[in-house]
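Below is one structure; the comments refer to it alone.
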């Protein structure tokens, strides 16, 4: 394992994958830039470590991205690893697509790209989920109960803990010259119900 890497992690709010990754990597003496849209949601245990800098980052804002990059630069660091967590559905598909392109284009510059597609992990992801309201004419009314259960995290596999996930993927994240894609997926994610409606 390469020691003392500088790593920026998105989505470091409490009880999420990003926060557990950041805390675990910080305890391994890596330099961490822990980011979230609302930094007050980053766990105190993580914020209080001397090798962790907390930075506001909203990846949908060019200004916010530029300010986060400036914070890393002003701290006298360049990034060794960039971990994008918190993507879901179409944003996950977009990250996967651009990662495929970057994986082909960046090796001449010494940059490797790895994509990990996760299935269900036990986090508080659904804590702020809005329950959908559908008009009676919606095609999806037939599966509204299923959609609602998914939104409340009451349906489907509960998944492993964030710590189990982090322990399983950490060696690949910090390995030097790692390039490729790992896929971890599970069945019964809900689309099969739509086909039955």
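Of the strands (runs of 3 or more DSSP E) lying entirely inside the stretch 2-115, those carrying at least 2 residues that are free of Cβ contacts under 8 Å to residues at least 24 places away in the same chain are 52-56.
Among the residues of the stretch 75-118, the one identified as at positive phi and surrounded by 15 or more Cβ atoms within 10 Å (Cβ to Cβ) is 86.
Take the residues in the stretch 2-16 that are over 15 Å from residue 56 (Cβ atoms) and touching a strand residue (DSSP E or B) at 6+ places or on another chain (Cβ under 6 Å), then tell me which one is modelled with the lowest pLDDT. Of everything passing the filter in the stretch 2-16, 5 is modelled with the lowest pLDDT. Of the numbered criteria (1) under 16 Å from residue 166 (Cα atoms); (2) under 18 Å from the mean Cα position of the chain (by Cα), the one residue 28 fails is (2).
The values are calculated or read from the model by the stated rules, or taken from the named source; none is laboratory data. None of the values given here were measured: they were computed from a predicted structure. Positions of Cβ are generated from backbone atoms using ideal geometry, with glycine treated the same way; all protein chains shown enter the neighbour counts.
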